[in-house]
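The values are calculated or read from the model by the stated rules, or taken from the named source; none is laboratory data. Note that this is a predicted model, so its numbers are computed, not measured. Every residue, glycine as well, gets a Cβ built from its backbone with ideal geometry; the counts of neighbours run over all protein chains shown.
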Amino acid sequence: MTIYRYFRSIAYLWGLCCLASAVAQERGWSLSEALPVDDNVTAGQLDNGLKYYIRENKKPEGRVFLRLVVNAGSLQENDSQRGLAHFLEHMAFNGTRRFEKSEIVDFMERAGMRFGSHVNAYTSHNETVYMLQLPTDDPGLLETGFEILEDWATSITLDPLEIEKERGVILEEWRQRQGVGERLNEKQLPFIYYKSDYADRKPIGSMIVVRNAPRERFEEFYKQWYRPNLMGVIVVGDIDRQEIEQRIIEIFGELKNPEGALERTPNPVPDHEETLYSIDTDPELTIASFRMLTKRPIAPDVTAGDYRRMIIERLYFGMLNRRLDEKAREPAPPFIQASAGITRIAREKEALQQSVIFIGDEFQKGLDALFSETNRAVRDGFTESELERVKADVLRSLEGAYEERDKTNSDTYAAEYTRAFTVDEPIPGIEMELEMTQAFVDDITLEEVNAIGQGFAQKNSRVGLFSGPVKKGLKLPSENELVAAIQRANSIKLESYEDEFLDEPLLADLPEAGSIVSESYDEIVDTHTWTLSNGARVVVKRTEFQNDEVLMSAFSPGGHSLMMNDEYLSALMSTMILGESGAGPFNSVQLEKRLAGKSIEVSPYISGQYEGFSGSSSPRDLGSFFKLLYLQATQPRLDRAAYSSLESRLKAMIANREKSPQSVFQDAIEEELYGDHPRHRPLSLELLNEIDPDLALQVFKNRFKDFSDFTFVFVGAVDIDELKSMAKTYLASLPSIDREEKGRFLGDEPLPGKRNVEISFGLEEKTSVRVLFTGEAEWSPENRYLISVVRDLLNIRMRESLREENGGTYGVGVYASLSREPRERFSSGFAFSCDPANADILIRAGVNEILDLQERGVRVKNLEKVQEIHLRGYETGLKENGFWLRNLVSVAREGREYHEILDFPNQVKVFDPYQIQEAAKTYFNFDNVVVAKLNPKHR
């Protein structure tokens, strides 16, 4: 469902909900009525117990999403199998009856699909899910997809040699996860999952088992749990429902359940009378935080009444979190951030969660603010005005989803039906959800919503989790001290909340409209271009790719490169500072209240070479969108109280930055690349002290006082005539002084030469590696594509070498890009993590793959894969607003013709292997390379 289990039903609300029963019945709803299955879904169950869900959906066109869901995960393992559910998921990609070794990945890439994005899987405590995306223009591809699903269900080969090779990959996946977060999990999960198997049966498992489990253990788990009565098949995409249903019946209908199979039983998380506390420190933590979880059973959500209760919960926590957000924006904020909500922690359990991130060691202040604000809401409830705003937001969210019902991505539906299979989530469909929401939301009373707060009164099955850094002079509370601190916080009684609302129009006076002085139309790409009377240019492409979406990007040359070095930090932070301040007469909180119920976003930016805006809007909210843009452009606001709040939170977030291994590593690389250049200094408290909010406002006004060289690009479901009228009113009226500007070169290019960065900082037995190449290179559209081909070729080769053949890393990422401004340059490299003992071996393996491409040339099979991947990506991109926005902006910035966007297929086919080989030499030039390693502290 669109309103999902984050806002779960609460049994004690039933009595209050019945008050609205008569009203609901008048509109055709009985609160006891079972939620139906969406008519757009074919859902069924075979005689052997296998369930299936099928939906026709043409977003994206020409694609189908297939999933095999196995209702078994790490909780079904015995002690000798810990980790094998996840290991088995890996082995599914290393050989089946029809597909030897890595042939599944090979097939997918030949079909133009990326490993990771379009073919993947995951294992959790309760389920294992396999996912494929395939083109539908070739029926043979879909048939092969079904063969893959069938093989995963019945005939993973578990080749002993492949098992041995994959052990290293699993070990490296485990190693990659090690760090401060995992160490905290080890300490806290036994409290959260008190006396249950969840803490001991993490999907990654036991590395002793992973290293040593014989093939027989894999076979036992596979045969026991991969059976049709624990399986679901999900197919969503550009297909025929009846044909797909028949194929599922034919392929999976003959599968048999094993005799004497173990019953899949629930894994409860037991209740406990006392409140359990876990107070933990870690040398790599940078901030202190606290969470209180109040655990309770998950109530059913199968009726219209259940759905109504979820709406009520969403309303309650929407209002409470807005109040907590207001607290964080106070001039002397009591915390960095705080929130409350409901989260599912197990199939059978959810938790009412309150959380706070502290400012420094101000633990009592943060706890006081969190609990006193929560208690004020419980004691006094919310106001009618707050409720009306959050109702407007909830309803608008559902209306937006309804508008996009035929333009929702197939993967979203596939994920929804996965939950329907695994946790019995109802799937009534967005039409029914909107109908229910419209029927219920107006009649939901403040009394009903306020009653949600009674959940905080529960005293049993609570867990308090406190964590903080190890730092001289910082003392975390003992359990007794923490209990006393919470008791004190709960005793504070705040005055009743006053909802401060600035009842003024978003834009008090409409600007005097300008005009359009010239127009042109590009028939090839269907774009309108208007030149406005103030010199600004507007480019518009109307699409039907989404029904409720208009995207906008605006740019002007200059950016903070035109600021002096001593102005840089203030310029860099200016849009954040002013964003926290609001605009015009509205502070940021008032502005958010004014925009309740509207789907708009406008964000000004100042980057190195450009300034501008990014934004989005629903077509129906375009009037408010343009007013907000005009307000931000012409009436920037500096709220000193808001800046004080922002400054306090930023300082708290970076105060212990030097404790983070990755931050220290990044700083060391930056220093090696850029020396002591003033624009590449590591973030510190001293740097924050250099920010001048008045200068930030001055910079913003300077950058946005001349719109004569601005280009605004709009893509989406726009009415051309309506947009033209708004452009004249709100864009042509923006100030113009006819400056001629462009960003400048600051001399902050990476230093040349071959260098090494090696630091020892970190507790885990893990080395992080980055190999970086930089240099000058000619920019052109052709070269920009060429560097992406080299990148993807090396991604395939390094995955096959470093991961599949060597088993030395869980994953390796290759990156490469070509920039045009301020000077033509390239940046490329690869990165991975591994056992420290293998770091140099794997670096050499990666380097050897680069050298092999440079010296021996392209493997034609891989080139064909990359070309097909790029063509398939372009094929789907042509039907996406984001694709057109990015490319129209890029072409406009570069002064090229719009129709060149459609030349991409010719680029894909034009390059021969020799050109790619030469490009590899250019973009991975060993004359300028930095080899960086982050080792454990003891090394």
For the range 41-82, what are the residues that are more than 16 Å from D424 (Cα to Cα) and surrounded by fewer than 18 Cβ atoms within 10 Å (Cβ to Cβ)? D47, N48, K58, E61, G62, N78, D79, S80
When both residues are 6+ apart or on different chains and their Cβ atoms are under 6 Å apart, which pairs have a first residue that lies in the range 156-167 and is on the phi > 0 side of the Ramachandran plot, and a second that is buried (at least 19 other Cβ atoms within 10 Å of the Cβ)? L158/M91; L158/F218
S760 is checked against (1) in contact with a Phe, Trp or Tyr (Cβ under 8 Å, 6 or more places away or on another chain); (2) hydroxyl-bearing (S, T, Y); (3) not assigned by TED's automatic domain parsing to the domain that holds S617 and fails just one. What number does that condition carry? (1)
Would the range 225-233 turn up any residue that is over 30 Å from E481 (Cα atoms), in a loop (DSSP other than H, G, I, E, B), not assigned by TED's automatic domain parsing to the domain that holds D406 and not small (G, A, S)? yes
Determine whether the range 243-252 contains at least one residue that is at pLDDT 95 or above, part of a strand (DSSP E or B) and not charged (D, E, K, R). no
Test A85 against the stated conditions and say whether it is of a type outside the set (K, R), in a helix (DSSP H, G or I) and modelled with pLDDT of 95 or more. yes
Looking at this structure, is L161 touching a Phe, Trp or Tyr at 6+ places or on another chain (Cβ under 9 Å) and either under 21 Å from N795 (Cα atoms) or part of a helix (DSSP H, G or I) (or both)? no
Of residues in the range 896-934 being of a type in the set (F, W, Y) and in a helix (DSSP H, G or I), the one surrounded by the fewest Cβ atoms within 10 Å (Cβ to Cβ): Y914
For the range 179-224 the number of residues that are within 30 Å of T275 (Cβ to Cβ), outside any helix (DSSP H, G or I) and not acidic (D, E) is 11
Kindly check whether there is at least one residue in the range 355-365 that is touching a strand residue (DSSP E or B) at 6+ places or on another chain (Cβ under 6 Å), under 19 Å from T275 (Cα atoms) and either of a type outside the set (A, V, I, L, M, F, W, C) or not assigned by TED's automatic domain parsing to the domain that holds P300 (or both). yes
Test result for E601, crowded, with 20+ Cβ neighbours inside 10 Å and not in a helix (DSSP H, G or I): no
Which ones in the range 106-124 are of a type in the set (F, W, Y) and either within 18 Å of the chain's Cα centre (by Cα) or not in a strand (DSSP E or B) (or both)? F107, Y122
Looking across the range 775-829 at residues that are in a helix (DSSP H, G or I) and basic (K, R), the single one that is surrounded by the fewest Cβ atoms within 10 Å (Cβ to Cβ) is R784
Take the residues in the range 604-615 that are assigned to a strand (DSSP E or B) and not acidic (D, E), then tell me which one is farthest from R396 (Cα to Cα). Y610
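Each row is one residue, and each column tells you yes or no for (1) assigned by TED's automatic domain parsing to the domain that holds E386; (2) surrounded by fewer than 15 Cβ atoms within 10 Å (Cβ to Cβ); (3) in contact with a Ser or Thr (Cβ under 7 Å, 6 or more places away or on another chain).
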residue: D424; (1), (2), (3): yes, yes, no
residue: P428; (1), (2), (3): yes, no, no
residue: T437; (1), (2), (3): yes, no, no
residue: A457; (1), (2), (3): yes, yes, no
residue: K471; (1), (2), (3): yes, no, no
residue: A484; (1), (2), (3): yes, yes, no
residue: S496; (1), (2), (3): no, yes, no
residue: P505; (1), (2), (3): no, yes, no
Looking only at the range 866-895, which residues are outside any helix (DSSP H, G or I) and either buried (at least 20 other Cβ atoms within 10 Å of the Cβ) or of a type in the set (G, A, S) (or both)? G895
Those residues of the range 743-760 which are crowded, with 19+ Cβ neighbours inside 10 Å and farther than 20 Å from R679 by Cβ amount to none
By residue number, the members of the range 839-860 that are assigned to a helix (DSSP H, G or I) and in contact (Cβ under 8 Å) with a residue 60 or more places away in the chain are A839, L842, I843, G846, V847, I850, L853, Q854
